[in-house]
Amino acid sequence: MPSIPAHYYDGITSRRQAVEVSLHPEGLAIFSGEGLVVARWPYAAIRRIEGFRGNGLAITRVPEPGSTAEPRLEVTDPAFAADLSARATLSLTGSDSGRRERRSVVLWALAAVASLLGLAYWGLPALAGRIAPLVPASVEQRLGAAMDPQVRTEFGGPRGLKTCTAPAGVAALANLVGRYERAAGLHVPLTVVVVDSPMVNAFALPGGYIYVMRGLIDKARGPDEVAGVLGHEIGHVRYRHGLQAAIQSGGLAFLLGTVFGDFAGGTAILIASRTLLSSAFSRDAERQADAFGVDLMLKAGGDPDGLARFFRVAGADGMPGVLTWLNSHPAGPEREAAIRKLAENKPVVAAALSPEQWQALRAICSTTS
């Protein structure tokens, strides 16, 4: 059956997500607007939620072992609801007494919720900024290695992630990354890959993991624009912005994982990974990354004007339904002007890439794995 739009709540936050859902032999599949897999629900685990208005239905799934999350999916298409009802038993989530008991618990929990909200909005952000510089580089690398499979699953969808491996393109990218890495003086080594995806996007994880989408390379009008974006993402690595975001989103579970080194398979890792993919850094973090990227280009090759120019290029004639780099790196005329001001009257030491290397990089996705 073709996919239809629906609304999804992950059971962890109150944020409503616009998703697409479709029925498969093994169960219900939920996808984000970008085509990434959000969740898969076996039919036997699906339960109906009473009280949904309209011709559709609201459903949840039986919590997985060790999880307390109660995700919710709201479907308004009557035909889809009928087809789902034919495949799943859709028994109610609980009895009337159970619902009364839950309401009583909610009343007692209001004070605790208020305290947690205060911690989330004021305490944890400040705490993340103080903790991140104290985390050993080896621990940050382990965190990045644990988040990498989650990111590959998110971007890979049902068919799996494809990385671009054309030898000449890989060599050109390695040349640029090597020069930037030597000039950056980082606390962790870089792992940079190009992903065969039409998204105009690039992002950095903790531990030096950087992903550049094919769509971004296709959109760029020259090597300086790609080099500027790469330098900016290396700035996020240098200042550990991804680590701070992971601490902030993962909360107490992540902090315990930091202490004991038990990252693999943790719910906090999943939350932190998805947060880094869908949210933006602070204005101060973006300014820091901009300045670092400009300085890196002036040291190791490339025209910093390429970074400023790409803000405008990526925002122009945007592709519907495709995540752009500007979604997570909001720009404006003042930011472009600030980047150009940083490079004003400073000579360009070398080209980011030769014309041959640039052409090779643009063809890097002719071979994938």
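With a cut-off of 10 Å between beta carbons, the residues surrounding A172 carry a summed charge of 0, where Lys and Arg count +1 and Asp and Glu -1. The loop-placed trypsin sites (Lys or Arg not before Pro) in the range 13-75, going by DSSP, that have at most 11 neighbouring Cβ atoms within 10 Å of their Cβ come out as R15, R53.
Projected label points at T89 and R15, each 7 Å from Cα along the beta carbon direction, are separated by 3.5 nanometres.
Straight-line cross-link partners of K219 among the lysines, defined as a Cα under 20 Å from its Cα and at least 8 positions apart when in the same chain: K162. Cross-link reach is defined here as a Cα-Cα straight distance under 16 Å, omitting same-chain residues fewer than 8 places apart; for K299 the lysines meeting it are K346. Among the GluC sites (Glu not before Pro) in the range 1-93, those located in a DSSP loop and surrounded by at most 10 other Cβ atoms within 10 Å of their own Cβ are E26.
Summarising the label geometry, the points placed 7 Å from Cα in the beta-carbon direction at V349 and A137 lie 2.0 nm from one another.
Between the residues V21, S32, V75, the greatest Cα displacement towards the positive end of the dipole of the range 10-98, with unit charges on the Cβ of Lys, Arg, Asp and Glu, is found for V75.
Close amide H contacts of I49 (hydrogens built in the peptide plane, cut-off under 5 Å, sequence separation of 5 or more or a different chain): A58, I59, T60.
Bear in mind these aren't lab numbers, they're just calculated from the coordinates by the rules spelled out. Note that the structure is a prediction, hence the values are computed from the model and not measured. Positions of Cβ are generated from backbone atoms using ideal geometry, with glycine treated the same way; all protein chains shown enter the neighbour counts.
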